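Below is one structure, written out as structure tokens; comments come after it.
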Amino acid sequence: MMTTSPSSPSLASVPARRDLTGAPLLVAARGGRPSRLPVWFMRQAGRSLPEYRALREGVSMLDACFDPEMLAEITLQPVRRHGVDAAILFSDIVVPLAAAGVEIDIVPGTGPVVAEPVRSADAVAALPRLEPGQVDAVAEGVRLLVGRLGDTPLIGFAGAPFTLASYLIEGGPSKNHEHTKALMHADPALWHDLASRLADITLAFLRAQLDAGVDAVQLFDSWAGALSARDYREFVLPHSEKVLAGVAEYGVPRIHFGVGTGELLTAMRDAGADVVGVDWRVPLDEAVRRLDLPGGPPPVVQGNLDPALLMASWPVIEAEVRRIAAEGRAAAGHIFNLGHGVLPETDPAVLTRVVELVHSL
């Protein structure tokens, strides 16, 4: 097991949190039976909402992420509209890289694009550290949200080291991650150096959010599903473990999610997840079967409605919601969510209706 960095907080320095003991999401995340099935949606704040599009008009993604008032307002929008059981901090996977000084931009229609891909020892050595003061704007946004959310939990957000590394090595989004995989296998020492540095950046970003008051954290490893289980355990798990172990002292639930990770579920849990996010490819009861290991705690899962099905007729959506809720009862705790993010073309009224149906179950 990799140890946390020397800057890990002592228990005495961990801030007091809001008392949300009975919040359905936090009860479920800890393996309990809440008063109702909790629900929130990945990418619930974003392009599916007209109020979001109006607020973001003429403002770049990164500028929005570093504007405390704007990120707070965007985070609140789906809570007001849909009545979801959690807010998730409006941010982006590459925000801590940009804050640290990496030359990176989020290009509309493309995604994160790196000015100079990181593929050499010199480039890895030149990567900056993330200092807490560099994300003060994000922390201020969290503090604003904690004061405005009432009894709704706030989930912190960060990208996992592998996904950050993939963007840096590939120079942007990639279908095959060929440069990343090649570096991993051709120069394992360099890969682990890069991934360890990125784990430190991710950990610093999550701690800044936790110090400001978030009630749970979600670590997104968006591209981990491109890996075999063997490669994940050798090249990725130690660094995600470093991040998740580094926030354990805060005592908040830790959610871990990736896309196409059906073969990696147990490994992602072994990295330190309290809640494992499951995409739509694996039924929740099957995910629970895979995660229910001898001697381990009862599995807690999050998911997993296919976001594309939100475009279907209501009878189709209702049947899928009911099926997933029923399958989720196999787990010690279930947080209803999508199997990935809300698609931009989704009708917001459908999301509101899904929330109402989930709560009725």
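The values are calculated or read from the model by the stated rules, or taken from the named source; none is laboratory data. As the structure is a computational prediction, the values presented were derived from the model and not from experiment. Backbone-built Cβ (ideal geometry, glycine too); neighbour counts: all protein chains shown.
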| remark: Selection from the stretch 335-360 of residues touching a residue at least 60 places away in the same chain (Cβ under 8 Å) and polar (S, T, N, Q) yields N337, T346, T352
| message | Considering only the stretch 338-357, I want to know if a residue exists there that is crowded, with 17+ Cβ neighbours inside 10 Å, in contact with a strand residue (DSSP E or B) (Cβ under 8 Å, 6 or more places away or on another chain) and not in a helix (DSSP H, G or I). | response | yes
| remark: The helices (runs of 4 or more DSSP H) lying wholly within the stretch 187-296 that contain at least 2 residues that are surrounded by fewer than 23 Cβ atoms within 10 Å (Cβ to Cβ) and touching a Phe, Trp or Tyr at 6+ places or on another chain (Cβ under 9 Å) are 188-212
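Filter the stretch 38-79 for residues that are part of a loop (DSSP other than H, G, I, E, B), of a type outside the set (F, W, Y) and under 21 Å from R148 (Cα atoms) and give the result.
We begin by selecting, within the stretch 38-79, every residue part of a loop (DSSP other than H, G, I, E, B); these are 38, 40-49, 57-60, 66-67.
Those still in the list that are of a type outside the set (F, W, Y) too: 38, 42-49, 57-60, 67.
Passing the criteria: P38, M42, R43, Q44, A45, G46, L49, D67.
Go through the stretch 166-179 and give me each residue that's assigned to a helix (DSSP H, G or I) and in contact with a Phe, Trp or Tyr (Cβ under 8 Å, 6 or more places away or on another chain). Talk me through it step by step, then tell me what you get.
Residues of the stretch 166-179 that are assigned to a helix (DSSP H, G or I), as a first pass: 166-170, 178-179.
Matches in the stretch 166-179: S166 only.
Name the residues in the stretch 1-37 that are modelled with pLDDT of 50 or more and not in a loop (DSSP other than H, G, I, E, B), would you? Working first, answer last.
Within the stretch 1-37, the subset modelled with pLDDT of 50 or more is 15-37.
P24, L25, L26, V27, A28, A29 - these are the residues of the stretch 1-37 that are modelled with pLDDT of 50 or more and not in a loop (DSSP other than H, G, I, E, B).
Could you list all residues from the stretch 49-91 that are acidic (D, E), touching a residue at least 24 places away in the same chain (Cβ under 8 Å), surrounded by fewer than 22 Cβ atoms within 10 Å (Cβ to Cβ) and under 25 Å from V354 (Cα atoms)? Lay out the reasoning, then the answer.
Initial filter on the stretch 49-91 (acidic (D, E)): 51, 57, 63, 67, 69, 73, 85.
If we keep only those that are touching a residue at least 24 places away in the same chain (Cβ under 8 Å) as well, we get 51, 67, 69, 85.
Next cut, surrounded by fewer than 22 Cβ atoms within 10 Å (Cβ to Cβ) only: 51, 67, 69.
Selection gives E51 alone.
Restricting the search to the stretch 82-94, which residues are farther than 19 Å from A23 by Cα and of a type outside the set (G, A, S)?
Initial filter on the stretch 82-94 (farther than 19 Å from A23 by Cα): 90-94.
Across the stretch 82-94, the qualifying residues are F90, D92, I93, V94.
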| task | Only residues that are surrounded by fewer than 13 Cβ atoms within 10 Å (Cβ to Cβ) and outside any helix (DSSP H, G or I): list them for the stretch 108-128, please. | result | P108, G109, T110, A115, E116, S120, A126
| Among I335, I324, which is the only one that is over 30 Å from K242 (Cβ atoms), modelled with pLDDT of 95 or more and either buried (at least 21 other Cβ atoms within 10 Å of the Cβ) or out of contact with any Pro (no Cβ under 9 Å at 6 or more places or on another chain) (or both)? | I324
| message | Tell me whether the stretch 146-156 contains one or more residues that are touching a residue at least 12 places away in the same chain (Cβ under 8 Å) and either assigned to a helix (DSSP H, G or I) or aromatic (F, W, Y) (or both). | response | yes
